[in-house]
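Novice: Take a look at the following structure, please.
Each reported figure results from applying straightforward, stated rules to the coordinates on display, with no laboratory input. Small disclaimer: the values here were computed from a predicted structure and weren't measured. We place every Cβ from the backbone using ideal geometry, glycine too, and count neighbours over all the protein chains shown.
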Amino acid sequence: MKIFVYGTLLKGLSRDRKLSRSQFIGAGVVRGVLYDLGAFPALLETEDNSIAGELYEVDERTLWMLDDVESYDSENSSDSLYIRKDIDVLLTKNNEIIKAQTYIYNRPLKTSAIKIVSGNYFEYQNKLTTE
């Protein structure tokens, strides 16, 4: 299964080792808006912005582990922190559109959530650590 990641699972960030057994397909973008929730980001669906991330091919074991990391329960998605959903990913290297899944935030945003205007969590995190 193909999974698009955009937050702490990105190469070089805190949870990247979770994808160490997975095949990296390439960098890509999806439609949405990104918010900083403190320890991790939230992706909400919208057509307004592009969100940068990475596309991976994952096995069932890795998918199960990612569902756990993202607090997604396929048996009870309404109570899940994130839901796993089908999306179109535009690969940056060749402008090919790939069908994949990603995790969409499934809670109301708190007023303390900060919009990541650039749509790039990796750059946003690097900027925070250098300031």
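Novice: List the pair-distance distribution P(r) of the chain, using every Cα-Cα distance, as the percent of pairs falling in each 5 Å bin from 0 up to the bin containing the longest distance, rounded to whole percents.
Specialist: 2, 11, 21, 25, 23, 13, 4, 1, 0
Novice: List the GluC sites (Glu not before Pro) within the stretch 18-99 that fall in a DSSP loop (any state other than H, G, I, E or B) and whose Cβ has at most 14 other Cβ atoms within 10 Å.
Specialist: Hits after loop and neighbour filter: Glu45, Glu47, Glu75, Glu96.
Novice: Ignoring everything except DSSP H segments at least 4 long, calculate the 222 nm mean residue ellipticity for the chain; use -39,500 (n - 2.57) per segment, divide by total residues, nearest 500.
Specialist: -4500 deg cm²/dmol, from helical runs alone.
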